[in-house]
Amino acid sequence: MSALATVVVNGRGARRLRQGHVWIFDSDVRSTGGAKAGDIVKVVSRHKSGGANELGIAFFNPDSMIRLRLIDIRVQHPDDDFWRDRLVAALSLRRGLEISDTNDDVGRLVFSEADGIPGLIVDRYADVL
């Protein structure tokens with residue numbers, strides 16, 4: 001696995017992440033560290049002394065006003081188990097939800113940031129996802 005590119009955010013972006021917001025807008029990105037569209041990146045803020053605070057990992061999109069979508073506050077490259085755990089959690093959450101007078105073959109299985117998988121929505125229509 002290659003090292004994660006480091007994206008530096010300004011103080012406003014860092015505060016938003018610490019307050020639980022999962023998006024960083026383009027105006028809050030100070031440098032991209034060579035990240036490319038779709039990369040998973042390490043997100044940091046810089047101290048005036050030159051040190052850095054690690055804020056988490058995020059998906060990077062240079063072509064969107066939402067430049068970063070936070071995946072996790074831990075700074076580690078997500079492996080297959082990480083993604084499997086997120087999918088299992090999303091499916092488990094919805095397994096107990098039943099609404100009368102609806103078709104059991106239709107439903108939302110993964111709902112993006114709400115399930116910790118930013119930008120991904122998975123709907124089921126019978127045997128099609």
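The values are calculated or read from the model by the stated rules, or taken from the named source; none is laboratory data. This one's a predicted model, so the numbers in the text were calculated from it and none came from an experiment. Here Cβ is always computed from backbone atoms with ideal geometry, including for glycine, and neighbour counts include all displayed protein chains. Accessible surface areas use protein heavy atoms only, side chains included; no ligands, DNA or RNA. Shrake-Rupley method; radii C 1.70, N 1.55, O 1.52, S 1.80 Å.
Counted by Cβ distance under 13 Å from K36, the other residues give a net charge of -1, where Lys and Arg count +1 and Asp and Glu count -1.
Taking label points 7 Å from Cα along the Cα-to-Cβ direction, A126 and S49 give a separation of 6.4 nm.
With a 1.4 Å probe and every protein chain kept in, tell me what percent of the accessible surface of the chain is carbon plus sulfur. Walk me through the intermediate numbers first.
On the way: 4210 of 8240 Å².
Percent of accessible area from carbon and sulfur atoms in the chain: 51.
Length available on full extension from E113 to D63: 0.36 nm per residue minus the Cα-Cα distance, which gives 16.1 nm.
Report the net charge of residues surrounding N10, where surrounding means a beta-carbon distance below 12 angstrom and charges are Lys +1, Arg +1, Asp -1, Glu -1.
Details: positive: R12, R15, R16, R30, R46, R67; negative: D26, D28.
Charge balance in the 12 Å sphere: +4.
How would you classify the chain from its alpha-carbon gyration tensor, with a ≥ b ≥ c the square roots of the eigenvalues: rounded for a/c under 1.5, else prolate if a/b is greater than b/c, otherwise oblate? Note, shape of the chain comes out prolate. Remark: the chain carries 64 Å² of accessible area per residue (probe radius 1.4 Å; ligands, DNA and RNA excluded). For R124, the residues 5 or more places off, or on other chains, whose built amide H falls under 5 Å of its own are G107, R108, L109.
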